[in-house]
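This report refers to the structure that appears directly beneath it.
Rule-based calculations on the coordinates, nothing more; no lab input. Since this is a predicted model, take the numbers as computed values, not measurements. When we count neighbours, we look across all protein chains shown, and the Cβ atoms used for this are built from the backbone with ideal geometry, even at glycine.
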Amino acid sequence: MTQLLKYENLANQSGQMVQSDVEVGGTDLLLSANDITGIELSITWDSQTSWQGCECYVIDPDGNYHYIFNSGSLPFGSGTRTDTLQINSGSFPFSTDGTWEFYLSDQMFNTVTLDEVSVEVQVTSANMPATYGENIWWNGEAYQGGIDLTNNGNHLYPANNATMVADTGSGGISAFDNSGSANAIWTDETTSAFVNNTTMSASVWIKASTITSSFEQVMLSNHGMNKGQFYLFHYQGKVGFFIGYYEPTVATSDRLEWQTTPQITSGQWHHVAINFDGSQSAAVDRCEILVDGSAVAHTLTDQVGNLVAIPNGNIVGTRNRLSLGGIQDVTQSGAITGNVSKQFYGSVDDGRAWSNYTLTTDDITWLASGRGVSGGPPSFRPYFAKTNSITGLNS
């Protein structure tokens with residue numbers, strides 16, 4: 001799978017010599033993994049006299065010069081044009097992250113106009129995720145850059161007739177569906193990444209087939225019946241987030257739960273995200289809930305104790321599994337019973353959670369702009385390489 005990461009600057013500068021910079025970030029991880037297959041430098045510019053006497057070069061973050069064209073190499077002519085230079089493997093700078101400086105001049109001392117410059121990083125990998133930069137949790141290991149789960153059932157496991165369905169709504173391609181039967185769920189391996197986190201965040205896309213059920217429907221969870229920790233849910237269209245213990249061996253049943261007013265419409269894709277910040281003095285303020293890119297008001301609907309961190313959730317035996325579309329029942333020893341509690345009816349996609357990190361405004365803008373490969377403006381796609389992302393369940 002190939003993905004193009006494009007960084008650009010709409011320069012709009014005029015003069016005999018003009019300069020514009022492009023900032024590139026989040027690509028050195030890809031470079032070290034040998035996943036960058038090419039870099040294209042592009043300039044859109046204008047000369048109302050003649051192109052023939054013009055010159056353009058780019059200085060990369062290592063200080064190397066790359067000439068897109070030299071004086072005398074272009075034909076006579078005038079007007080707007082776009083010129084590119086392809087840099088292939090073997091000629092990459094040591095670091096692709098940093099400032100790429102574009103210089104355009106007319107050696108005949110006429111005026112040129114710089115309209116747009118860009119650096120396009122071409123990435124190809126068999127392990128390409130829907131969006132590069134995430135760590136996908138699979139089989140007890142965190143894989144830098146993530147894994148595209150669309151066509152590989154080895155990384156996220158369906159149970160009880162859970163299926164993958166084609167769905168192009170909100171920019172997606174396919175989605176995880178739990179409507180096949182009772183107890184349908186998608187699960188991954190166990191993780192302790194969130195234990196005692198004072199901050200964390202989660203994001204998921206959902207399309208509920210019904211919002212009239214008399215029980216909570218869980219979208220994304222790292223929680224199991226007989227095991228606690230956290231889950232994100234909706235209840236009759238209200239969005240909620242729960243953290244707490246759920247294990248008989250725990251002497252306390254400390255927990256917190258927050259809910260919004262109704263936000264979810266059945267049959268419609270919605271983006272849901274939460275930020276947890278245990279440093280807030282008031283329990284109601286420790287959770288921020290965002291729907292379709294905007295924060296929504298919420299109330300504290302359940303409180304026992306005063307949790308200021310994501311609880312352990314597991315005292316005895318094997319931990320519960322990270323899941324999409326419900327809470328998997330497990331015994332105290334961690335054995336899977338086959339039953340699913342709080343099953344989600346509908347489709348779920350792009351479930352992600354971050355340990356020790358709260359989503360920024362830019363993060364939310366990107367995540368809520370579309371599902372899967374189509375999600376977010378191209379310049380945002382490698383953004384999460386800079387964050388401490390732990391899980392990503394991408395269809």
message: How far apart, in nanometres, would the label points at residue 166 and residue 254 be if each is projected 7 angstrom from Cα along the Cα-to-Cβ direction?
response: 5.0
query: Taking the Cβ of residue 23 as the center, what net charge do the other residues with Cβ under 12 Å away carry, scoring Lys and Arg +1 and Asp and Glu -1?
result: -4
message: With a cap of 10 neighbouring Cβ atoms within 10 Å, and only residues DSSP puts in a loop, list the chymotrypsin sites (Phe, Trp or Tyr not before Pro) found in region 4-92.
response: 76
query: Given 31, 104, 76, which one lies farthest toward the positive end of the charge dipole of region 2-124, if we put +1 on the Cβ of every Lys and Arg and -1 on the Cβ of every Asp and Glu?
result: 76
task: Show which aspartates and glutamates lie in cross-link reach of residue 238 when reach means a straight Cα distance below 19 angstrom and same-chain residues fewer than eight apart are skipped.
output: 216, 257, 285, 288, 292, 302, 349
- request: Can you put 191, 99 in order of Cβ neighbours within 10 angstrom, beginning with the fewest?
  value: 99, 191
message: Can you give the log10 of the normalised intensity I(q)/I(0) at q = 0.11, 0.16, 0.22 Å⁻¹, computed with Debye over equal Cα scatterers of region 2-124?
response: -0.36, -0.72, -1.18
message: For a protection proxy built on the mean count of beta-carbon atoms within 10 angstrom, sort 261-272, 196-207 highest first, please.
response: 196-207, 261-272
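Under a Cβ-Cβ cut-off of 14 Å, what is the net charge of the residues other than residue 78 that fall near it, where Lys and Arg count +1 and Asp and Glu count -1?
-1
If the only charges are +1 at each Lys and Arg Cβ and -1 at each Asp and Glu Cβ, what is the size of the charge dipole of region 2-124 around the Cα centre, to the nearest 20 debye?
The calculated dipole for region 2-124 is roughly 300 debye.
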